[in-house]
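> To start, I am sharing the structure in question, which I have written as structure tokens.
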């Protein structure tokens, strides 16, 4: 008779091969969805993208709505879904029948919001099927609307119904809500200190039971499904919809509040298509009143371009406003030697995203493509010149500031 130890010795490699076989075809399937030519650089970045998705999939497929905790959402490590470099996002998976306590300390970010909606997996499914209600935003709450102590401490109860006699801060948990997301939006990365946040479910025992083999198996098998869904969304869905939407180097303003954006926010978006010796000059009025604004670049994987080691984003704190009150930004692969440069990191194509939040108006920028050597002639004469040494100092300060922020 075979012992349990012998059973396990046979089961482990068999099941491991099964998990790996689920992942094996993903690269080929996703590569086939891309509408662009493939080269060695692109292939390397595709594999990097897939490994990052394994990390994201593991975090969220193994999350437990009975015993949730805030996990890294779209950030420097997981840059998919065009995250705003000024945002630090954390997600906890929840059950729409549960009672949850969210508590902590606000911190010093410019904006801190709690958003109820879909988890990362359901958002991917929703983008794949825009008519699906799964994953849509079910409320965004400014944390400043809660009762904050002098030190920024707060406590919020989240449940389908307000408990009888409960007089503290309470937010309704709507049906089909599968996640709560905390967004901290910073202007000054080094001086606006991150908050601290915790979540726990109150209607379950405090001690978490050991996960069953069936639950573990279900979660691990879900990773491949998540990656395939998100890859399809990225390469066949979102990027293709952008390509069909209009020509490159033209911007529009859109509302993404249903897809996880803030309700009082307009997205500026457009594709850039530039040769190595070309630049895009973005010119825009700046609203008289604006709680936040910023612009950043993404690649054609729908990932924000590395904002730690490149100046691929600017905001109302870091950008320079010209003497006539207008914002002018230069997008290019080569450094044009001006303060407001967005670095494409050598990419000839990608997307530009901007955000006007809580603003008196939501302007659509004017865009013009020029030769990189002609950039100075399209900017005001008093535009400062940034030397290579000054740029290096800016990048080093940027890298230090990013590492000071909470990222995981």
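> Would you pick out the residues in segment 341-352 that are surrounded by 20 or more Cβ atoms within 10 Å (Cβ to Cβ) and either in the same structural domain as residue 185 (by TED's automatic domain parsing) or touching a strand residue (DSSP E or B) at 6+ places or on another chain (Cβ under 7 Å) (or both)?
Of everything in segment 341-352, those that are surrounded by 20 or more Cβ atoms within 10 Å (Cβ to Cβ) and either in the same structural domain as residue 185 (by TED's automatic domain parsing) or touching a strand residue (DSSP E or B) at 6+ places or on another chain (Cβ under 7 Å) (or both) turn out to be 341, 342, 344, 350, 351, 352.
> Is it true that residue 179 is free of Cβ contacts under 8 Å to residues at least 12 places away in the same chain and either surrounded by 15 or more Cβ atoms within 10 Å (Cβ to Cβ) or closer than 20 Å to residue 66 by Cβ (or both)?
In short, no.
> Just to check your reading of the model, which residue among 402, 394, 386, 367 is within 24 Å of residue 309 (Cα to Cα), touching a residue at least 40 places away in the same chain (Cβ under 8 Å) and touching a strand residue (DSSP E or B) at 6+ places or on another chain (Cβ under 8 Å)?
It is 386.
> I've got another one for you. Does residue 39 satisfy being under 30 Å from residue 309 (Cβ atoms) and at pLDDT 90 or above?
So residue 39 fails the test.
> Name every residue in segment 137-157 that is part of a strand (DSSP E or B) and in contact with a strand residue (DSSP E or B) (Cβ under 6 Å, 6 or more places away or on another chain), in order of residue number.
140, 141, 142, 153, 155, 156, 157, listed by residue number.
> How about segment 101-128: which of its residues are buried (at least 22 other Cβ atoms within 10 Å of the Cβ), at pLDDT 95 or above and not in a loop (DSSP other than H, G, I, E, B)?
102, 112
> How about segment 18-72: which of its residues are in a helix (DSSP H, G or I) and either under 30 Å from residue 201 (Cβ atoms) or touching a strand residue (DSSP E or B) at 6+ places or on another chain (Cβ under 8 Å) (or both)?
Selection gives 19, 49, 52, 53, 54, 55, 56, 57, 58, 59, 60, 61.
> Based on what the data block shows, is residue 357 closer than 26 Å to residue 81 by Cα and not assigned by TED's automatic domain parsing to the domain that holds residue 188?
It is true that residue 357 is closer than 26 Å to residue 81 by Cα and not assigned by TED's automatic domain parsing to the domain that holds residue 188.
> Still on this model: For segment 227-254, which residues satisfy the criterion of being at pLDDT 70 or above and within 21 Å of residue 364 (Cα to Cα)?
The answer is 248, 249, 250, 251, 252, 253, 254.
A quick yes/no check of all residues on (1) under 21 Å from the mean Cα position of the chain (by Cα); (2) in a strand (DSSP E or B); (3) not assigned by TED's automatic domain parsing to the domain that holds residue 114:
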position: 171; (1), (2), (3): no, yes, no
position: 182; (1), (2), (3): yes, yes, no
position: 190; (1), (2), (3): yes, no, no
position: 209; (1), (2), (3): no, no, yes
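> Which of the residues belonging to segment 170-183 are closer than 18 Å to residue 118 by Cα and in contact with a strand residue (DSSP E or B) (Cβ under 8 Å, 6 or more places away or on another chain)?
171, 172, 173, 174, 177, 178, 179, 180, 181, 182, 183, listed by residue number.
> When you look at residue 11, is it surrounded by fewer than 16 Cβ atoms within 10 Å (Cβ to Cβ), under 21 Å from residue 308 (Cβ atoms) and modelled with pLDDT under 75, yes or no?
Answer is no for this residue.
The values are calculated or read from the model by the stated rules, or taken from the named source; none is laboratory data. Here the structure is a predicted model, which means the values were calculated and not measured. FYI the Cβ positions are ideal-geometry reconstructions off the backbone, even for glycines, and counts take in every protein chain you see.
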